[in-house]
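Heads up: the structure comes next, in C-alpha cells.
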Amino acid sequence: MNTLDLKPKLFSAIKKYNKQTLMADLMAGIIVGIVALPLAIAFGIASGVSPEKGIITAIVAGFTISALGGSKVQIGGPTGAFIVIVAGIINEYGMQGLTIATLLAGVFLIGFGLLHLGTIIKYIPYPIIVGFTSGIAVTIFTTQVKDLLGMQMDGPVPSDFIEKWIAYAQNLTHIDPWSAGVGLVSVAIIATAPKLSKRVPGSLIAIIVMTVTALLLKQYAGVTSIETIGDRFSISSQLPDAVVPELTWETIKNLVPPALTIAILGAIESLLSATVADGVIGDHHNSNTELIGQGVANIVTPIFGGIPATGAIARTMTNINNGGRTPIAGIIHAVVLLLIFLFLMPLAQYIPMACLAGVLVVVSYGMSGWRSFTALMRNPKSDITVLLLTFFLTIIFDLTIAIEVGIVCACLLFMRRMSETTDVKAVYDEIDLNEDADMERGNLEHLTIPKGVEVYEINGPYFFGAGNKFEDLMGRFGDRPKVRIIRMRKVPFIDSTGLHNLENMCLMSKKEGITVVLSGVNEKVEAVLKRNGFPQLLGEENICNHIDLALARANEIVK
C-alpha cells in the first residue's frame, strides 16, 4: 500500500498557497461558520443532546476533516442524516453509549480507508441511498412537529413513528398559536431568503428575526408561551475536557451494529458530498483519505462530548459558492465557530424552539429528495422494491435495520441480475464459425456436429446460476449423447460456485457414460481448472484450445 495515496489534501494545497487564496478562503470560512451555527445547534438538539454539543461537533470535526481529509473543499460537522440514529442510541444506551458507538464508527471508517474501500462504498445502490435519505427526512419532520406548533402534551412524545402521529392527532387542540406562528414564519423566511440574498443564510435570518420577535412579545405583550432553548437546556460556553469512556467487551459487542451504521452512513454522505464538490470545482478527491479523515474526526469528537459527524453537502456548497478552494477555508470555519462558542454562546438561550424546528423542517424537505424518489418509482420493480423497503424500514423501525436489509436485498437482486447476464445455449446441427475466435480453419463457414454429440456454449462469467441453466437445457435433446462439448471461449472467469456446478455436471455425465470435452478455455480459466483437478477428472485430451480440436476429439469417441 502506498502511503502517499493517503496524504491529506491540505499538504498539497499549502504548497501553492498565496495571499489571494487566503483572502478567498478567509471570506468563505467566515460565511460557512455563520451558516453552520444554527444548523449545529438544531442538529444537536434534535439528536437529543444539548445545543453546545452540536457546536463542539462542528468545531472539532470540522477542523479535523478539513485538516486530514481527501477533499479540498469538504466541510464537516453534524448533519441531519445522523439525527435519527443518534437519538435512538441515546435512548437505548445513553450518552456514554453514543460516545463509544461514535468511537467505533471512527475506527471502522479508518479501516475502510486503509483497505481502500472508498470507491466500493460509492457503488451502494442508488435506491438504497434515496430510500433511507427520504426516510430520514420524514422521520426528522415527524420529530419536529411538536416544537414547530408549540404542542402541549402530557408526558414524553412516543418514540414509535405511528404512535407519534397518533399522539399528535390527539393533541391538535393543545397547539400554542404563538409558537406555531414563530415556527411557520421561520419556515417562510428560510424558504424565501435565497430569492433576496444567497450570501446570507435564511436559517440565520430566521433565528435573528424570530428571537428578537419572541423577546419583544415577552417584554411588551406578555407572551410567555414561546419556549426557548434556555427554557429546556442549561447553556454553557466552557470548553469541555477530553474524556475517554470506559470500554468493555460486552458494551462494544452491543454497539457494533449502530456503530457500523454510523460508519456506512457517514462514508456514503461524505463521499457523495465530495463527489458533488468535485464536479463544481473541477477537482478529484481521494476517497480513501477522506474516509480516514472522517474516521479520525469521529474518534476525536466524542472524546470532547461531540456527536457523529460527516461531510455536509449544503455547507460544502456554501464554501464553494463563496470562494473556498482549499482546506484552509474549512479550518477557518471551525475557528469562527469556536469564537462564537466562547463569546456569544449564552445568547443562544433566547432562540425559540419553534424557530429551530422550522430550520429542521426545511432541512428535512431538502433531504427528502422527493423528485428522485418519484423518478425511481418509474424504474424496474426490483429497484422500486429496494427503495420502498428501505424507506418504510427507516421510518417504521430504524436506520440500522433499513441499511442492513436494504443492502442484503440489493445484493440478492444484483446476484440475480448478474446470473441473467450469463447465457447458456445449446447448439444444434452445425456451428457458425464466422465470428468464432477459437477456430483454426478459416476457410470454413460452418462445422457439422456429429451424431451422438451435444454442444453447449456459455456466454459470460461462469458462476451462480449457470449450472441450473445447463440442467434445463440438457433435457431438451432427445437421445442420450456420447459426448458433451462445452464451449467456454466467452467465459472470462469462473468462481467456486461455477467450479462446483461444472464438476457436478462432469461427474453426472461420467456416471451416465457421457464424455465431457471443454473447448476454447482461456488461460486464466484453464489455470483455475488445473488447480482444481479437472485434467484428472476429464483427461488432458478433453480440454481443447478450440472447437476444431474438440470436434475431432468427439469424432474419435463416437466412432
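Looking at Pro240, Pro158, Pro245, which one is free of Cβ contacts under 8 Å to residues at least 12 places away in the same chain and surrounded by 12 or more Cβ atoms within 10 Å (Cβ to Cβ)?
Only one candidate passes the filter, namely Pro158.
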Note to self: Need the failing condition index for Pro240 against (1) assigned to a loop (DSSP other than H, G, I, E, B); (2) more than 34 Å from the chain's Cα centre (by Cα), just the number.
What the structure shows: (2)
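Tell me the helices (runs of 4 or more DSSP H) entirely within the range 445-533 that contain at least 2 residues that are at pLDDT 85 or above. Steps first, answer last, please.
Values: elements: 466-474, 496-511, 523-531.
Output list reads 496-511, 523-531.
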Notebook entry, point to check: Yes or no: Val300 in a helix (DSSP H, G or I) and within 26 Å of Gly330 (Cβ to Cβ)?
Noted result: yes
Next item on the list: Mind listing just one residue for me: the one in the range 161-189 that is in contact (Cβ under 8 Å) with a residue 24 or more places away in the chain and part of a loop (DSSP other than H, G, I, E, B) and, of those, surrounded by the most Cβ atoms within 10 Å (Cβ to Cβ)?
Entry: Asp176
Notebook entry, point to check: So which residues in the range 214-225 are open to solvent by less than 50 Å² (accessible area, probe 1.4 Å) and outside any loop (DSSP other than H, G, I, E, B)?
Noted result: Ala214, Leu217
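Matching residues to (1) at pLDDT below 90; (2) under 15 Å from Gly111 (Cβ atoms); (3) not small (Gly, Ala, Ser):
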| position | (1), (2), (3) |
| --- | --- |
| Gly266 | no, yes, no |
| Ala274 | no, no, no |
| Gly279 | yes, no, no |
| Ser287 | no, yes, no |
| Glu290 | no, yes, yes |
| Pro302 | no, no, yes |
| Ala309 | no, no, no |
| Ala312 | no, no, no |
| Ile328 | no, no, yes |
Next item on the list: Hand me the list of helices (runs of 4 or more DSSP H) wholly inside the range 20-132 holding 3 or more residues that are in contact with an Asp or Glu (Cβ under 6 Å, 6 or more places away or on another chain).
Entry: none
Note to self: more than 24 Å from the chain's Cα centre (by Cα), hydrophobic (A, V, I, L, M, F, W, C), modelled with pLDDT of 95 or more and open to solvent by less than 20 Å² (accessible area, probe 1.4 Å): is that true of Ile56 in this structure?
What the structure shows: yes
Checklist line | Single residue of Gly513, Gly533 found to be open to solvent by 40 Å² or more (accessible area, probe 1.4 Å), within 26 Å of Val558 (Cα to Cα) and either in contact with an Asp or Glu (Cβ under 6 Å, 6 or more places away or on another chain) or of a type in the set (Gly, Ala, Ser) (or both) | finding: Gly513
Next item on the list: Go through (1) within 20 Å of the chain's Cα centre (by Cα); (2) buried (at least 24 other Cβ atoms within 10 Å of the Cβ) and name the single condition Gly88 misses.
Entry: (2)
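This table checks each residue for (1) open to solvent by 50 Å² or more (accessible area, probe 1.4 Å); (2) more than 19 Å from the chain's Cα centre (by Cα).
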| residue | (1), (2) |
| --- | --- |
| Glu227 | yes, yes |
| Asn254 | yes, yes |
| Ala259 | no, no |
| Ile268 | no, no |
| Leu272 | yes, no |
| Val280 | yes, yes |
| Asn288 | no, no |
| Gln294 | no, no |
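Could you please let me know if Leu68 is in contact with a helix residue (DSSP H, G or I) (Cβ under 8 Å, 6 or more places away or on another chain), modelled with pLDDT of 95 or more and either closer than 14 Å to Ile140 by Cα or open to solvent by 10 Å² or more (accessible area, probe 1.4 Å) (or both)? Even if it seems obvious, please write down each step before you answer.
Values: in contact with a helix residue (DSSP H, G or I) (Cβ under 8 Å, 6 or more places away or on another chain): yes; modelled with pLDDT of 95 or more: yes; either closer than 14 Å to Ile140 by Cα or open to solvent by 10 Å² or more (accessible area, probe 1.4 Å) (or both): yes.
Answer is yes for this residue.
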Next item on the list: Return the pairs, sorted by first residue and then second, in which the second residue is of a type in the set (Phe, Trp, Tyr) and not in a loop (DSSP other than H, G, I, E, B), the first residue lies in the range 218-230 and is touching a residue at least 12 places away in the same chain (Cβ under 8 Å), the beta carbons are less than 6 Å apart, and the residues are 6+ apart or on different chains.
Entry: Val223/Trp178; Ser225/Trp178; Ile226/Trp178; Thr228/Tyr350
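The values are calculated or read from the model by the stated rules, or taken from the named source; none is laboratory data. Everything numeric here is computed off the predicted structure, so don't read it as measured data. Cβ sites come from the backbone with ideal geometry, for glycine too, and all protein chains shown count toward neighbours. Note: accessible area is taken over every heavy atom of the protein model, side chains too, but ligands, DNA and RNA are not part of it. Shrake-Rupley method; radii C 1.70, N 1.55, O 1.52, S 1.80 Å.
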